[in-house]
1. List every residue whose amide H lies under 5 Å from the amide H of Leu276, counting only residues 5 or more places away in sequence or on a different chain, with H placed 1.01 Å from N in the peptide plane.
2. Could you calculate the contour length gain from Ser280 to Asp297, that is, 0.36 nm times the residue separation minus the distance between their Cα atoms, to one decimal place in nm?
3. May I ask you to derive the FRET efficiency for Thr16 and Lys44 from their Cβ-Cβ distance with R0 = 25 Å, giving the value to the nearest 0.05?
4. Figure the gain on full extension for Asp176 and Val120 (residue separation times 0.36 nm, minus the Cα-Cα span) and round it to one decimal in nm.
5. Tell me, what is a quarter of the convex hull surface for the C-alpha atoms of region 219-340, in nm² with one decimal?
6. Any of Lys225/Lys265; Lys237/Lys265; Lys181/Lys225; Lys181/Lys237; Lys137/Lys254; Lys27/Lys51 with alpha carbons more than 23 Å apart? Name them for me.
7. Restricting to DSSP H runs of at least four residues, report the calculated mean residue ellipticity at 222 nm for the chain, -39500 (n - 2.57) per run over all residues, nearest 500 deg cm²/dmol.
8. Between Cys197, Cys258, Cys245, find the one with the highest GNM mean-square fluctuation for the chain; connect C-alpha pairs within less than 10 Å.
Amino acid sequence: MQMSFRWYGPGYDSVTLEQIRQIPGVKGVITTLYGTQPGEAWKKEDIHRLKETVEDAGLSIYGIESVNVHDDIKTGGGRRDEYIDNYIATLECLGQEGITMVCYNFMPVFDWTRSDLARVRADGSTVLAYNQDIIDKIDPQHMRESIEAMSNGYVMPGWEPERMDRLEALFAMYRDIDEEKLFQNLVYFLKAIGPVCEKYNIHMGIHPDDPAWPIFGLPRIITDKDHIERLLKAVDKPYNGLTLCTGSLGSNPKNDICQIIRSAKGRIPFAHVRNLRYNSDRDFEEAAHLSEDGSMDMYEIMKTLYETGFDGIIRPDHGRAIWGEVSMPGYGLYDRALGAVYLQGLWEAIKKDRQ
Ligand SMILES: [Mn+2]
């Protein structure tokens, strides 16, 4: 297991590489070329410069989150093959730079969705939260305004203004796309990128849908154990893997995270491990990583990863805003650093207990 920390790159993150380097046990970051658009081929020199920036700070790039997939690929649109060629070109450049773990998602139109980016908890910390009753009242065309008003002036991943300007057109693209079509388009994409992944031993890790059910009438397909198993079998190769996101899969209390880890054994190159608390079946909020603060048993999750031979990359995920820190919601330094150390503490105890 290698502990890592997400970093958005120069100019996009309130957290510095120097700060990340001082978190115990963290030697690498998960990053991206944040200014690029889905569908664009990344330039080798841009990747190389990013790598140099990270290495100059004494860290390594452990993986990319994300190389985003263009909506024409998700919908099987007219320019799909052109965008897949660009995706392959990006993977080729990443492979040449020795970067071999790539997280991506296949969510239509919207990336992760929350109804509140700063819900105040009893201890005065603020967290991202989701309430289905609020989401049901939102006109998705106005999600942009709601998210922008809540994001402390940062550009939220998946909510880039360029995309949000095109919401109407994006919704129109998905008018005839049901779950099955979306799934077949995903399989088509994965088969097409197979050769470049195998050439460089790149592990693709699909990020589950968040929350783990369809929203705004759009299909969602990476939501539970059965869907994940179906995808891993449809392209039954090591490069086709899962980003185990406990918070996204755990947004549906019916998902048994440990069972999902066991069923995807050997196919999890990357894990986002965080906790959340259910307040009702229509409302949850993100909690501290600590088991007792949320509804998930983090010890059991780490133990199951250990027992299934997990040797990939972990990062803590969305943290609470604490100690007066102002950052991109969910991506402050303090609470995620606490999470990184807590998860490593669990891992050390599990490992020593077994030896
Ligand atoms: Mn995640």
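What follows draws every value from the coordinates through simple rules; no lab data is involved. Since we're looking at a predicted model, the values are computed, not measured. All Cβ positions, glycine included, derive from the backbone under ideal geometry; neighbour counts span all protein chains shown.
1. So Leu276 has HN proximity to Ala287, Ser295, Met296.
2. 4.3 nm
3. Between Thr16 and Lys44 the formula returns 0.45.
4. 16.2 nm
5. 8.2
6. Working: Lys225/Lys265 12 Å; Lys237/Lys265 13 Å; Lys181/Lys225 19 Å; Lys181/Lys237 21 Å; Lys137/Lys254 25 Å; Lys27/Lys51 14 Å.
Violating the 23 Å Cα-Cα cut-off are Lys137/Lys254.
7. After summing the helix terms and dividing by the residues of the chain, the value is -11500 deg cm²/dmol.
8. Largest GNM mean-square fluctuation: Cys258.
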